[in-house]
Amino acid sequence: MSEKTIDSTLSEQRVFQPPASFSVKARIGSLAEYQKLRAAAAADPAGFWAALARSEIDWHKDFSVALDAGKAPHYAWFTDGVLNVSYNCLDRHLARRADKTAIIFEGENGDTRRLSYADVHRQVCLFANALKAKGIGKGDRVVIYMPMVPEAVVAMQACARIGAIHSVVFGGFSAESLKDRIEDAGATAVITADGGTRGGKVVELKAACDRALAKGCKTVETVIVLKRAGNAVAMQAGRDHWWADTVRGQAEHCDPVWVESEHPLYLLYTSGSTGKPKGIQHASGGYLLGALVTMKWVFDIQDADIFWCTADVGWVTGHSYVAYGPLAAGATLLMYEGAPTVPDAGRFWDICARHKVTIFYTAPTAIRALMKLGEEFPNKYDLSALRLLGTVGEPINPEAWMWYHRVIGKERCPIVDTWWQTETGMIMLAPVPGAVPTKPGSCTLPLPGIDADVVDEQGTSVTDPNQGGQLVIKQPWPSMLRTIWGNEQRYRDTYWAKFSGRYYVAGDTARRDADGYFWIMGRADDVIKVSGHRLGTMEIESALVAHPRVAEAAVVSRPDDIKGEAVFAFVVTKGERPRNDSARALTDELRAWVSQQIGPIAKPDDIRYAENLPKTRSGKIMRRLLRAIARGEPITQDISTLENEDIVKQLQGER
Ligand code: WTA
């Protein structure tokens, strides 16, 4: 986040009260009610969560232990309880809501489908039986690499039904990234599609999957391919099967496999401070509870709502607020496969109007992009069904917040700015919309049971309002990550070491204003958020260095009006430093290379070439200096230790 943005949020004084018309119908309709819940949770956190777990979840066998902290920082919740997540998302609704629409789907080309709870249940059972027929069972890892179609949710739910652990890989990731994730998880099966459609183009998922499997992935025995885009694909006999063939003849009933509460529900790989993504591991019972209660607290989900979260199932938001939370709540969710600008910048609003969406949840980057394209697009559509708006993934600048409030919400809908992470599993800091006044740019206050704080480098609470510090969570919560798959040490080092195991360290910097409201300032580590997507600078650096012409690379971010942050790479080549045409040619090549290595989202926006990178005496790259250069800011750092001061001019692109 740029200093300019921090300044602008620092001077933000506007406060918006929850509209009375919203509060009267809300699940939590007053500040007093919200405070009462928070106080109850603070007085007895484990008891608070245990009571919720009993009222919100259908257990096959009740638990006697709420929280087991014996192996901290590996906290375990509801440990001797037994349940099935898919049962809680589907079967338990069949008595009252069998015919209620569970999923409204719209493809980019306009094809729509409506699936009732009975339909989704049937499809999940068929597919779960298909997985079982391929020998997949409890504890096996299944990688899902699919477009945003209902079958992606069916595949996730089917895994949950039989106790298999899914790991969804975003369809925009490359074959290389897919391979790394399959191998790290030791997956025995991959579920994919021939292709998906985005921006009018077919993304060839099966072909990428073939390339990944050709390079390794020895554990994979089964590949199941959904026919979606209709593009030609190669099928390897014995290994590859069409989805339709695998479900043909299967029974429409599949008993859920009852699992212990701590049984891993899924892995989701995310970027961190090193080159290698980490497999965040979530448990069944605690995660389900987090996804479900936040549907109620933050989204105020009601039976008549049409809930649309625009996130792809490849990200955590698409897990908690597409595949699990809405179904656990018995809600109607909307899924859209394509891009927000096809056929034009009105597509989101057109969908909202046609399907009478009541709750809309998206990323600041989408809001900024659509804001730039003009009010005339949203103004063409009837958005009167909307009652609640949300944002997630990165800080939202007050200007975009105000546009969202005025142009989309017509000053009638509360906005929930929700802070959370892949690791937290559920929304942690956000306004409860019927109760908590909002301020543009602030994710406001912690949810009940979430003990968030801002601390200094010693771990002491920062008491001075508006002074920044590390965002930490001081008490365990049910939907927290359990570990990093196969890397216990990295789990401890990344999240707990900084304050000797006392607090969960989020990796974000934040400040709290005089009202106790949280304002997220940015990341404290080498993670950047490009269009809300989490990327590690080290990951991009290792991709660059893998190119035969690159000797060394350093990646930093610079602010970008729409994407939030943009990727800025400094590169030292082997041999002579490229200039002019040869630099332009290499830049094109490196951008294509990074796309291929990681995915198009990681492509550097700028590349500068220099004979060397600026380093400290101990050999560390001076990233702060590089950031200043990338942002075009004056250089205030001491550069006297640089061997060659000319390097700075080269990095600045001057010579
Ligand atoms: C950032 C996404 C400011 C933050 C759910 C966090 C936010 C990272 C917000 C997690 C928000 C998420 N305001 N920053 N409302 N929400 N972030 O794992 O830096 O993809 O640590 O999870 O996104 O990204 P992840």
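Go through the range 478-518 and give me each residue that's away from the ligand (no atom under 14 Å from the Cβ) and small (Gly, Ala, Ser). Matches in the range 478-518: GLY486, ALA497, SER500, GLY501, ALA514, GLY516. Among the residues in the range 259-270, are any in a loop (DSSP other than H, G, I, E, B), more than 14 Å from SER479 (Cβ to Cβ) and open to solvent by less than 20 Å² (accessible area, probe 1.4 Å)? Looking for residues that are in a loop (DSSP other than H, G, I, E, B), more than 14 Å from SER479 (Cβ to Cβ) and open to solvent by less than 20 Å² (accessible area, probe 1.4 Å), one finds at least one in the range 259-270, hence yes. Restricting the first member to the range 1-24 and to residues that are open to solvent by less than 60 Å² (accessible area, probe 1.4 Å) and modelled with pLDDT of 95 or more, and the second to residues that are outside any loop (DSSP other than H, G, I, E, B) and of a type outside the set (Phe, Trp, Tyr), the beta-carbon pairs closer than 9 Å and six or more apart or on different chains are PHE16/HIS405; PHE16/ILE415; PHE16/THR438; PRO18/LEU31; PRO18/THR438; PHE22/LEU388. Sub-6 Å Cβ pairs linking a first residue in the range 414-443 that is in contact (Cβ under 8 Å) with a residue 60 or more places away in the chain and acidic (Asp, Glu) to a second residue that is part of a loop (DSSP other than H, G, I, E, B) and open to solvent by less than 10 Å² (accessible area, probe 1.4 Å), at least 6 apart or interchain, are GLU423/LEU481, ordered by first then second residue. Among the residues of the range 94-107, none qualifies, meaning not one is over 25 Å from the mean Cα position of the chain (by Cα), open to solvent by less than 10 Å² (accessible area, probe 1.4 Å) and not charged (D, E, K, R).
Report whether or not LYS474 is within 16 Å of the ligand (Cβ to nearest atom) and open to solvent by 10 Å² or more (accessible area, probe 1.4 Å). Here the answer is no, as LYS474 does not meet what is asked. The residues of the range 228-273 that are aromatic (Phe, Trp, Tyr) and closer than 24 Å to GLY285 by Cβ, listed by number, are TRP258, TYR266, TYR269.
Quick check: anything in the range 355-368 open to solvent by 20 Å² or more (accessible area, probe 1.4 Å), more than 16 Å from the ligand (Cβ to nearest atom), more than 30 Å from TRP59 (Cβ to Cβ) and outside any loop (DSSP other than H, G, I, E, B)? Among the residues of the range 355-368, at least one is open to solvent by 20 Å² or more (accessible area, probe 1.4 Å), more than 16 Å from the ligand (Cβ to nearest atom), more than 30 Å from TRP59 (Cβ to Cβ) and outside any loop (DSSP other than H, G, I, E, B), which makes the answer yes.
Out of the helices (runs of 4 or more DSSP H) lying entirely within the range 147-227, which hold 3 or more residues that are open to solvent by 10 Å² or more (accessible area, probe 1.4 Å) and either polar (S, T, N, Q) or in contact with a helix residue (DSSP H, G or I) (Cβ under 9 Å, 6 or more places away or on another chain) (or both)?
Result: 175-185, 205-214.
Quick check on VAL505: is it aliphatic (A, V, I, L, M), touching a Gly at 6+ places or on another chain (Cβ under 9 Å) and within 30 Å of THR438 (Cα to Cα)? Taking the combined requirement at face value, the residue does not satisfy it. I'm trying to understand the selection: among the residues of the range 313-324, which are within 11 Å of the ligand (Cβ to nearest atom) and not hydroxyl-bearing (Ser, Thr, Tyr)? Within the range 313-324, GLY314, TRP315, VAL316, GLY318, HIS319 qualify. Residue count for the range 221-270 satisfying the condition of being within 16 Å of the ligand (Cβ to nearest atom) and touching a Leu at 6+ places or on another chain (Cβ under 8 Å): 0. Within this structure, GLY230 passes the test of being on the phi > 0 side of the Ramachandran plot and open to solvent by 40 Å² or more (accessible area, probe 1.4 Å). Criterion applied to GLU399, GLU411 was being at pLDDT below 95, away from the ligand (no atom under 11 Å from the Cβ), surrounded by fewer than 24 Cβ atoms within 10 Å (Cβ to Cβ) and charged (D, E, K, R), and the one residue passing it is GLU399. Just a yes or no: is a residue in the range 71-89 open to solvent by 20 Å² or more (accessible area, probe 1.4 Å), assigned to a helix (DSSP H, G or I) and within 19 Å of LEU265 (Cα to Cα)? Looking through the range 71-89, at least one residue is open to solvent by 20 Å² or more (accessible area, probe 1.4 Å), assigned to a helix (DSSP H, G or I) and within 19 Å of LEU265 (Cα to Cα). Evaluate the range 282-290: report whether one residue or more is of a type outside the set (Gly, Ala, Ser), surrounded by fewer than 24 Cβ atoms within 10 Å (Cβ to Cβ) and within 30 Å of LYS138 (Cβ to Cβ). No, that holds for no residue.
For first residues located in the range 484-509 and touching a residue at least 24 places away in the same chain (Cβ under 8 Å) and under 15 Å from GLN470 (Cβ atoms), partners that are open to solvent by 80 Å² or more (accessible area, probe 1.4 Å) and within 16 Å of the ligand (Cβ to nearest atom) and lie 6+ apart or on another chain with Cβ distances below 8 Å form the pairs VAL505/LYS498. For the range 457-464, the criterion of being touching an Asp or Glu at 6+ places or on another chain (Cβ under 6 Å), farther than 26 Å from GLY325 by Cα and open to solvent by 10 Å² or more (accessible area, probe 1.4 Å) is met by at least one residue.
Looking at the range 409-451 only, could you name the residues that are part of a strand (DSSP E or B) and within 18 Å of GLY393 (Cβ to Cβ)? Full working, then the answer.
Narrowing the range 409-451 to residues part of a strand (DSSP E or B): 415-419, 429, 438, 444, 446.
Of everything in the range 409-451, those that are part of a strand (DSSP E or B) and within 18 Å of GLY393 (Cβ to Cβ) turn out to be ILE415, VAL416, ASP417, THR418, TRP419, LEU429, THR438, THR444.
Selection of first residues in the range 40-55 that are at pLDDT 95 or above and of second residues that are open to solvent by 30 Å² or more (accessible area, probe 1.4 Å) and not in a helix (DSSP H, G or I), restricted to Cβ pairs under 6 Å at least 6 apart or on distinct chains, gives the following pairs, ordered by first then second residue: PRO45/GLN475; ALA46/LEU67. Restricting attention to the range 424-451, the residues being within 13 Å of the ligand (Cβ to nearest atom) and among the small types (Gly, Ala, Ser) number 4.
Among strands (runs of 3 or more DSSP E) entirely within the range 496-598, having at least 3 residues that are of a type outside the set (D, E, K, R) and open to solvent by less than 30 Å² (accessible area, probe 1.4 Å) singles out 504-512, 518-523, 527-530, 550-560, 564-573. Residues in the range 381-391 that are of a type outside the set (S, T, N, Q) and open to solvent by less than 20 Å² (accessible area, probe 1.4 Å) were compared, and the one that is farthest from the ligand (Cβ to nearest atom) is LEU383. Against the definition (more than 14 Å from the ligand (Cβ to nearest atom), in contact with a Leu (Cβ under 7 Å, 6 or more places away or on another chain) and in contact (Cβ under 8 Å) with a residue 24 or more places away in the chain), how does PRO378 come out, yes or no? So PRO378 does not fit the description; no.
The values are calculated or read from the model by the stated rules, or taken from the named source; none is laboratory data. Since the model is a prediction, treat every value here as computed from it, not as a measurement. Note: ideal-geometry Cβ built from the backbone for every residue, glycine included; neighbour counts use all protein chains shown. Remember, those area values only see protein heavy atoms, side chains included, never the ligands or the DNA or RNA. Shrake-Rupley method; radii C 1.70, N 1.55, O 1.52, S 1.80 Å.
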